[in-house]
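Notes follow the structure.
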Amino acid sequence: MSRRNMWMAGGALVVLVAAVGGVVQYSRSESANLAVEQGTGPTPMLPAPDGRPLPTVNIARPIGWKNGEHPTPAAGLEVAAFATNLDHPRWLYSLPNGDVLVAQSNSPGTDIQTFKNRIASFVMGAVGAGDPSPNRIVLLRDEKGTGKATLQTVLLDHLYSPFGMALVGNDLYVANANAILKFPYHEGDTHITAPPVKVTDLPAGYNHHWTKNILASLDGRFLYVTVGSNSNVAEHGMDVEEGRARIDRVDLQTGKLTPYATGLRNPNGMGWEPQTGALWVAVNERDEIGSDLVPDYMTSVKEGGFYGWPYSYYGQHVDVRVHPPRPELVASAVVPDYALGPHTASLGLTFTDTARLLPDTMQHGVMVGQHGSWNRRPKSGYRVVYIPFNAGQPQGMPQEVLTGFLTPDQEHVHGRPVGVAVDQSGALLVADDVGNTVWRVTGEQ
């Protein structure tokens, strides 16, 4: 690099750091007026929006887990490390033979480079989300039945920001950021060398929300696919949102990809509610209208349903930032079933009907991994919660399952929970992408 270019690069970095500092200072003038609990449940409080040209920034810097530290389990629960020394473990999938797959992944780094996004990238790096993607799926095996993975091996490598995984028969499907791939799988495999078959392309290019999750239908005919938006509220226009902010369905017999539900800003974890068979999803909502808005949520998914993004939130609450408005679409927007609190970054979702190693009081609902806010004052999320269900619907307020990811002063974070899954033994597994650990939660022994 020439001296001139070095000076230019250095100058740009100084400007960016100064800009971030200015954003942080500016953001200190805004804070929540409501408790997180008031933005949680079937009827959350939704105050008037606090429109802001720049987001609130309130980050927690990662410090990891040291000297046997671990998250704090709720009364009646125990937590231990199932696997450590991982590399950004984001998502989990439990195979029928008891092996656990971990997608070690991060953003492909292809987001559009606006001034605001450069600041966001700087912030994401500060909270442990800016490293290059490992681009692999690791297999964990508890060979001795002790509750710890004694085998850790790379099942698939050289992927492209992989996230969702699903086994249908002898076919293992993996959702990269740009396509769904199919690999041959045989029970007990520890490494797959066969080349993949592309099932379908997925919206890619730049990827503001890059995580693509997949869930097989109960009969194995379809895959349901989450695709997040390419922006906060379509500020780059709707052309770049083509095929995004939705759940699609892939017919595995024909490979045809069709929209199933739309207007979902950033859907992630999916699961089948065991009593009704309904599809449920956790969704991250929009930013930059204050610390109290908008609650992330989980909801049953109606085929053909429109959930508001970008024109409205939580049903018919119009977002005046979006132009041109679409009142006819807003009028049809489905109200989500259950709010999970503003800016909690609720990503993971798994039903607990097979979690026989948890107390009975936690075997009839859903676990949600809340990755934690970077844009709320005070912070929200950074925990795993349980929401009980009755007759196919959530009942009551969330119950904390794992906490202690944040330090007591909330300035630093040991880890951040993301994907959650129930393993074949009936324990809850939690992927911690900043702590580079998969945690295993059971009832007290």
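The values are calculated or read from the model by the stated rules, or taken from the named source; none is laboratory data. What you are looking at is a predicted structure, and each value in this text was computed from that prediction instead of being measured. Reconstructed Cβ throughout: ideal geometry from the backbone, glycine too, with neighbour counts over all protein chains shown. Keep in mind that these areas ignore ligands, DNA and RNA; they rest on the heavy atoms of the full protein, side chains included. Shrake-Rupley method; radii C 1.70, N 1.55, O 1.52, S 1.80 Å.
So which residues in region 32-84 are under 15 Å from Ser380 (Cα atoms), open to solvent by 60 Å² or more (accessible area, probe 1.4 Å) and in a loop (DSSP other than H, G, I, E, B)? Passing the criteria: only Asn33. Against the criterion of being open to solvent by less than 10 Å² (accessible area, probe 1.4 Å), out of contact with any Cys (no Cβ under 8 Å at 6 or more places or on another chain) and over 19 Å from Ala278 (Cβ atoms), Gln399 does not qualify.
Consider region 151-175 and keep the residues that are in a strand (DSSP E or B) and of a type outside the set (A, V, I, L, M). The one that is least open to solvent (accessible area, probe 1.4 Å) is Tyr173.
When you check Leu347 against the structure, is it under 26 Å from Leu202 (Cβ atoms), open to solvent by less than 20 Å² (accessible area, probe 1.4 Å), in contact with a His (Cβ under 6 Å, 6 or more places away or on another chain) and at pLDDT 95 or above, yes or no? It is true that Leu347 is under 26 Å from Leu202 (Cβ atoms), open to solvent by less than 20 Å² (accessible area, probe 1.4 Å), in contact with a His (Cβ under 6 Å, 6 or more places away or on another chain) and at pLDDT 95 or above.
Matching residues to (1) among the acidic types (Asp, Glu); (2) closer than 14 Å to Pro44 by Cβ; (3) surrounded by fewer than 18 Cβ atoms within 10 Å (Cβ to Cβ):
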position: Val283; (1), (2), (3): no, yes, no
position: Ser300; (1), (2), (3): no, no, no
position: Tyr311; (1), (2), (3): no, no, no
position: His317; (1), (2), (3): no, yes, yes
position: Leu329; (1), (2), (3): no, no, yes
position: Val335; (1), (2), (3): no, yes, yes
position: Ala355; (1), (2), (3): no, no, no
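Within region 211-232, being of a type in the set (A, V, I, L, M, F, W, C), open to solvent by 10 Å² or more (accessible area, probe 1.4 Å) and touching a Lys or Arg at 6+ places or on another chain (Cβ under 6 Å) holds for one residue alone: Phe222.
The single condition among (1) open to solvent by less than 10 Å² (accessible area, probe 1.4 Å); (2) in a loop (DSSP other than H, G, I, E, B); (3) in contact with a strand residue (DSSP E or B) (Cβ under 6 Å, 6 or more places away or on another chain) that Gly381 does not meet is (1). Does Gly369 count as surrounded by fewer than 23 Cβ atoms within 10 Å (Cβ to Cβ), of a type in the set (Gly, Ala, Ser) and modelled with pLDDT of 95 or more? No: the conditions fail for Gly369.
When the residues of region 10-31 are filtered to those that are open to solvent by less than 30 Å² (accessible area, probe 1.4 Å) and either within 24 Å of Val322 (Cβ to Cβ) or touching a Cys at 6+ places or on another chain (Cβ under 7 Å) (or both), the one that is modelled with the highest pLDDT is Glu30. Of Thr361, Thr354, Thr350, all but one fail to be within 23 Å of Leu215 (Cα to Cα) and not in a loop (DSSP other than H, G, I, E, B); the exception is Thr350.
If the condition is being of a type outside the set (S, T, N, Q), in a strand (DSSP E or B) and under 23 Å from Arg61 (Cβ atoms), then region 401-422 contributes Leu402, Leu406, His412, Val413, Pro417, Val418, Gly419. Taken together, Leu252, Leu358, Leu264 contain a single residue that is more than 23 Å from Val401 (Cα to Cα), at pLDDT 95 or above and over 20 Å from the mean Cα position of the chain (by Cα), which is Leu252. Assessment of region 335-350 against the conditions (without any contact (Cβ under 8 Å) to a residue 40 or more places away in the chain and closer than 28 Å to Phe306 by Cα) yields at least one matching residue.
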